[in-house]
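Working notes for the structure below.
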Amino acid sequence: MPGRIVYVLPLIILLAACGSAPADAPAGADSSSAIIQWNRDPYQVVFRAETVGGENGDSPAALNEVPPCTIYGDGRIVYTVPSPAGGVPRVLFDLLDDNQIISFGLYLTIDLQLLAYGEGFSAQVPASTMPVYERLTLAVNGVNHITDAFAEWPTGYYDIILRACQSIPRTPRQFEPDGAWLSVARATYDQNVPTILWDATAADFSFGALAGLEEKRWIEGGIIRILWNALYQNGLNTQFEENGFVYQLALQVPGVTRDAPSAPPAP
């Protein structure tokens, strides 16, 4: 069967007095300067490069997506790289030290003048279709600054910043989740979408039992890694066929996937 497979100007002036990181090596700033501060909450986005928008921005596939590069308040960097086999990118992570984050922040604000560019999308004339566009977020020194591709960036601006972010990690590792918020929706079979035949009895896990629930369910353990690998090996829009019904999944991992809720409190 086809498709089936088993900021702001004053901050710029302040930072300019402190020098900047080399454009080709954003690492190694002296943390004693403390010129860049950030919220240390592990779910706080300190920096993010992402592509947003489109007509299916709230679809299960979109919720499964990991932004190309994000730095969180606890120093984690989660980013994607092309898969050797093509298709869905691989998800990697590392833990950055303060020097690396400070240096990258200086590189963005001094060398690339990120804070001089505003958020242009909000000023666009409403259209019948939602455009897909690039967006950058930097949250430092009490300012959450967002800029996007409608702000008349120089040619290649987003790609330069994305490559710089993805080049920071020194010991990158493959990411697999231990827990995630799972939501399941009935879908119409699409022969052009990757499909996995799901044996609920063998897996001891049924999508049908969750499909009628409106709330997300927190899931932990080996089943999460199985579902994660299924999506990231076959496609974020992969459909699962169980007992003649087809389901699509949204697997949201806190501090990793886009717009994921925080993990529930530990019991």
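Looking only at residues in the stretch 58-82 that are more than 13 Å from the chain's Cα centre (by Cα) and modelled with pLDDT under 95, which one is surrounded by the most Cβ atoms within 10 Å (Cβ to Cβ)?
Among those residues, the one meeting the criterion is 60.
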Q: Determine which member of the set 185, 123, 149 is modelled with pLDDT under 95 and closer than 29 Å to residue 214 by Cβ.
A: 185
Q: Working only within the stretch 58-98, note down all residues that are in contact with a Lys or Arg (Cβ under 9 Å, 6 or more places away or on another chain), under 18 Å from residue 233 (Cβ atoms) and assigned to a loop (DSSP other than H, G, I, E, B).
A: 64, 65, 66, 82, 83, 84
Q) Are there any helices (runs of 4 or more DSSP H) wholly within the stretch 154-267 with 2 or more residues that are more than 23 Å from residue 53 (Cα to Cα), and if so which? A) 200-203, 208-211, 222-234
Q) Any residue in the stretch 64-79 that is touching a Pro at 6+ places or on another chain (Cβ under 9 Å), among the β-branched types (Val, Ile, Thr) and within 27 Å of residue 240 (Cβ to Cβ)? A) yes
(Q) Tell me yes or no: at least one residue of the stretch 126-136 is modelled with pLDDT of 95 or more, crowded, with 19+ Cβ neighbours inside 10 Å, outside any strand (DSSP E or B) and not basic (Lys, Arg). (A) no
Q: Mind listing whichever residues of the stretch 185-201 are of a type outside the set (Ser, Thr, Tyr) and farther than 11 Å from residue 247 by Cβ?
A: 190, 191, 192, 193, 194, 197, 199
Q: Would you check if there is a residue in the stretch 29-36 being in a loop (DSSP other than H, G, I, E, B) and modelled with pLDDT of 95 or more?
A: no
Q: Taking residue 160 as the residue in question, decide whether it is under 22 Å from the mean Cα position of the chain (by Cα) and of a type outside the set (Gly, Ala, Ser).
A: yes
Q: Please give the number of the condition residue 180 fails out of (1) within 29 Å of residue 79 (Cα to Cα); (2) surrounded by fewer than 17 Cβ atoms within 10 Å (Cβ to Cβ); (3) not β-branched (Val, Ile, Thr).
A: (2)
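The values are calculated or read from the model by the stated rules, or taken from the named source; none is laboratory data. In this text, all values refer to a predicted model and were calculated from it rather than measured experimentally. Positions of Cβ are generated from backbone atoms using ideal geometry, with glycine treated the same way; all protein chains shown enter the neighbour counts.
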